[in-house]
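See below for the structure under consideration.
Values in this text are rule-based calculations from the coordinates and carry no lab data. In this text, all values refer to a predicted model and were calculated from it rather than measured experimentally. Here the Cβ positions follow ideal geometry from the backbone for every residue, glycine too, while neighbour counts run over all protein chains shown.
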């Protein structure tokens, strides 16, 4: 951890922006560059930055959940996304879509989004787990 | 469906057996035997329709795409075998209940026995080649468990392994044969293959099919030269020998040959091979039985003889021979099952099976004796027992053989003579005369459970003989032999057995047999030595050359291979992988390619693309040459970011973003790890470095060539085009890459994130869940090399391998203490090239010493470069170390190789902040 | 352009092979990174290169218009990059832990799992 005022100030701002951006990347990934992997890497970078500026303990507290829990939930999300297809009598992991008309625009929600959220959580969990564990190593 | 349940029920009962045994206690054998008895009745009721020419089928589709069905068929041959398996099975279950009464593992025994029963039933009823094979291997497997039942005995285990290896290898060969057969005929159904006429006989694959199937049948049925495993298998408890090694399992090979006779039989090759090997086996088996003195081994020898006779009869293949085979099959199973049980009873009651020290049991075990006597008379081939008819038919069959009749007659008579003597050895010697003084126990009549089987089977030998007596079509003909012979021959057969043929050549041969048989028996005690002298040729020799030597050779080869390939040297493995890949590719390219096959076009690259490529190469080269971690991190970053830019240039924004982010995280990760690691590393010089350079250069060139060749091939983009065309209509996404990841190929992605999670868990496990070093580390991990001159410092032993310096600082236990850190850093870097005084960390010092020449020889030229960049830090580090080491631990009393130590003491620029902190206390 | 990248990837393969045969776990890990990049580059190049055009369908079309980059190798490489990172993390921590436990970074000195071979081979 580096006790640098400049770094800490910028980090506060940057981490928030990066986390928001990562959610944005996750959401738009189906249509434009982005997606679960990329979003997760951005978010992981944000947490890594926070850990460098404020220490791992602080980073763990803003993450709120243990990275291992995130990994587990990620895999559960991704695996469960495939069950919808199964329930509909199609092969496992077949994508199903729900079309919601809100006025003029059309909102499309599908099981691939759930799957991508699963990817997102797993990758965050993995990267953050590795980086936090290493930063906690004794010097 | 009923039939399917019938076939599978023994398996269900098998796994219930141990539990049932616990609940039912002494009643268990009766309850368990009721299943085979019930199934016996079930299959017996099929005899009527079968006698009228019907064949029953039952099929459940299993792997339809491969044509593998759980298919069963009941015809004359199957039903005969099924009845033998179930009838004798019921007797054996009861007998085992008595024989192993009170044995702690009797539940496990019943489990294996019933498992075997189900497997054997499956073999003889199977109507699908693959089903047949599976049940066939199940019999090998369950017999392995049964032979090795007394698993605490080395002999038992050896015998079990021997039987498994021989029959298992034979089974694999047979699988090959069965598959070829399926390919040749286009069907896996046995009944269809049998109905297919001459297809197999005329097929070009006939010879391989024949040889492979024969391997399976001969190993299973203990034909010469594989007969040696059968006497070995007598290590099994006697009920097992009675069941598997006389009446059922060893007959599976005979069954297979009989079953396939209509499809494969009738050729000259078939007739010659089977009758010659069968004849030899017959003779060898009877000699083996005469040279043994253990009742079970004597009987095992006579079983080999019987198996040989059966194979020979199938080989001869005339109508007479096939009828003789059917008759002898049933007769042998009845008397041999009974005799094995008698041998077990004698062992159980008298405490030994050694014939020379037994005698006078007739009065003590009258019922057992009666069963033994009847069974033996049947075996010896005397009227009016069923065995007599069997033997007469064999004589008639060999007299009528189309090939080698004279030889086969001699073999048959000689074997019958010896088997006659065997009858005397097992049924007369132990029971007549005075009680032998050396008999370990004073015998009593066997318990009821052990009497049912032998008495029933012996009685049947008599009943069948009497039933077959009347002239004209009798019950045995109609219900047993006609359907059996019809199934073996593959065409309708009429049989007409009688006890009395009138005076003819076979009867005369019987007379000769009896006379010589009596002689052989009377002189057995004197001639035994002669028979035993043949052991090296016909028994031990076969075992040595067909089992022990090949197995020893295999082990020696495996040992040699392992020693040479699994050297335990990681770098050697890498070189082997790269080298082998390269050679394989070079061979392919050399043989099949011309220069025109490679895309040696001048690249149409733009300026910035050239620059990116150069940056990538420069980055990678820099990482390879890096002398310290910071350089490595920076150069790797150059390579990675350049590749990311390349992705941008070629329309892969997702890849570019991923690569940028991963590169950034990689820098963090690498930095976090490498600050803990020393800067200096070994590198072999001279020949090995040059060799590695050449090898890796060639490897890279080869990869380039492969890629250039691949570029010449027209790509079929139909998969990509499918994804592009369906991305929006089917998956509602316009980013095709992401759609592939989360929709089209989402199961792959799912697997990939699981891999990631496993890597993450692995990292957490390595870092967070470990034994504390100072608790578990009292020894040094690296074994000292031979002839190590250095002696470890006296204090090093007690210290954790962090080193003595660390231990001597003021706060050795505080891990965050910069002082500890500084000392450790200092020492880490001093280790590798330290002189063999062994000061500091002894383990590392020794390793360093072991590699001493390389490291020392290399240091001077590397040290210059190292010093250039690191002089400033050096001073700091040294000062720190001195200040923190007032006791003069490491740096002071070490007779240091000055320039070298300085070189090592270079501080990693990556540890700047650590160094900074260290300075404060100093 | 593809032949040029084939040469670049070949050089990376050569460097990776050289690094993987060094007597230092750190160098081996660096070799692993280079090897991963070489493999990714190979996959990407072999799928065919398209300048500028990405594999994204412009709104409101339902299929790509004109040239588009081959999306399949991109999908393969994308996961490969992330998995490569996972593997790198694992390898690095393994190197770090073996340094802690075995006090050496020389793979030839790590004979805990196969100590007998050491005695007999030498």
One would report the Cα pair-distance distribution of the range A:15-134, bin width 5 Å, in %, as 2, 12, 18, 20, 17, 13, 9, 5, 3, 1, 0
Per residue, the convex hull enclosing the Cα atoms of the range B:390-507 spans a volume in Å³ of 178
Evaluated at 37 °C and 0.692 mPa s, the Stokes-Einstein D of the range B:1-150 based on the Kirkwood radius over Cα pairs, in µm²/s, stands at 208
A correct Kirkwood calculation over the Cα atoms of chain C returns a hydrodynamic radius in Å of 17.3
From fewest to most C-beta neighbours within 10 Å, the residues B:101, B:629, B:444 line up as B:444, B:101, B:629
Expressed in angstrom and ordered largest first, the alpha-carbon extents of the range B:322-527 along the principal axes are 55, 37, 26
Note: B:562-575 gets an average of partner chain Cβ contacts (10 Å, Cβ to Cβ) equal to 5
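Given a Förster radius of 41 Å and the C-beta distance between residue A:94 and residue B:564 as r, what FRET efficiency does 1/(1 + (r/R0)^6) yield to the nearest 0.05?
The value I calculate is 0.20.
Is there a simple number for the mean count of other chain Cβ atoms within 10 Å of the Cβ of residues in B:600-609, and what is it?
Values: counts 1, 4, 2, 7, 5, 5, 2, 0, 0, 5.
So the per-residue partner count for this stretch is 3.
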Quick P(r) readout (the range B:376-421; Cα-Cα; 5 Å bins; whole %) gives 6, 25, 28, 22, 13, 6, 1
Distance in Å, no decimals, from the C-alpha centre of the range B:503-561 to the one of the range A:107-131 is 73
Reduced to Cα centres, the span from the range B:195-267 to the range B:293-336 in Å works out to 13
Longest principal axis of chain C (C-alpha) makes with the long axis of helix C:25-46 (C-alpha) an angle, in degrees to the nearest 10, of 20
Once both label points are put 7 Å beyond Cα along the C-beta direction, the residue B:294-residue B:586 separation in nm becomes 5.8
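Using a 10 Å cut-off around each Cβ, can you sort B:714, B:202 from fewest to most neighbouring Cβ atoms?
Ordered by Cβ neighbours within 10 Å, fewest first: B:714, B:202.
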On the formula 1/(1 + (r/R0)^6), with r taken between the Cβ atoms of residue B:192 and residue B:272 and R0 of 30 Å, the FRET efficiency rounded to 0.05 is 0.60
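Exposure proxy check: B:16, B:480, A:17 ranked by fewest other beta carbons within 10 Å? Could you put the intermediate results ahead of the total?
Details: B:16 16, B:480 25, A:17 12.
Ranking B:16, B:480, A:17 by Cβ neighbours within 10 Å, fewest first, gives A:17, B:16, B:480.
Would you mind computing the Rg to Rh ratio of the range B:437-494 from its alpha-carbon coordinates, Kirkwood style for Rh?
On the way: Rg = 19.0 Å, Rh = 14.7 Å.
Using Cα coordinates only, the ratio equals 1.29.
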At R0 = 56 Å the Cβ-Cβ FRET efficiency linking residue B:758 and residue B:2, nearest 0.05, sits at 0.70
In whole angstrom, the spacing between the Cα centers of the range B:393-426 and the range B:131-183 equals 30
Fraction of alpha-carbon pairs in the range B:458-607 farther than 19 Å apart, rounded to whole percent, equals 82
Once normalised by the length of chain A, the mean sequence separation of its alpha carbon contacts under 8 Å that are 6 or more apart gives a contact order in percent of 27
In whole Å, largest first, the alpha carbons of the range B:361-459 cover along the principal axes 53, 29, 18
Helix-only [θ] at 222 nm, chain A, -39500 (n - 2.57) per DSSP H run of 4+, per residue, nearest 500, equals -24000 deg cm²/dmol
Of B:524-532, B:109-117, B:290-298, ordering from highest average Cβ density within 10 Å down gives B:109-117, B:290-298, B:524-532
By the mean-Cβ-within-10 Å protection proxy, highest first, A:63-70, C:66-73, B:580-587, B:386-393 rank as B:386-393, C:66-73, A:63-70, B:580-587
So, with points 7 Å from each Cα along the Cβ direction, the residue B:532-residue B:519 label distance in nm works out to 2.4
Per-residue average of other protein chain Cβ atoms inside 10 Å, peptide A:119-126 -> 6
So residue B:614 and residue B:726, fully extended at 0.36 nm per residue minus their Cα-Cα distance, gain in nm 36.5 nm
quick shape note, the range B:538-577: Cα extents on principal axes in Å, largest first -> 52, 14, 7
Only helices counted: for chain C, with every DSSP H run of 4 or more residues adding -39500 (n - 2.57) and the sum spread over all residues, [θ] at 222 nm is -22500 deg cm²/dmol
Restricting to Cα pairs under 8 Å and 6 or more apart, the percent relative contact order of the range B:322-527 works out to 32
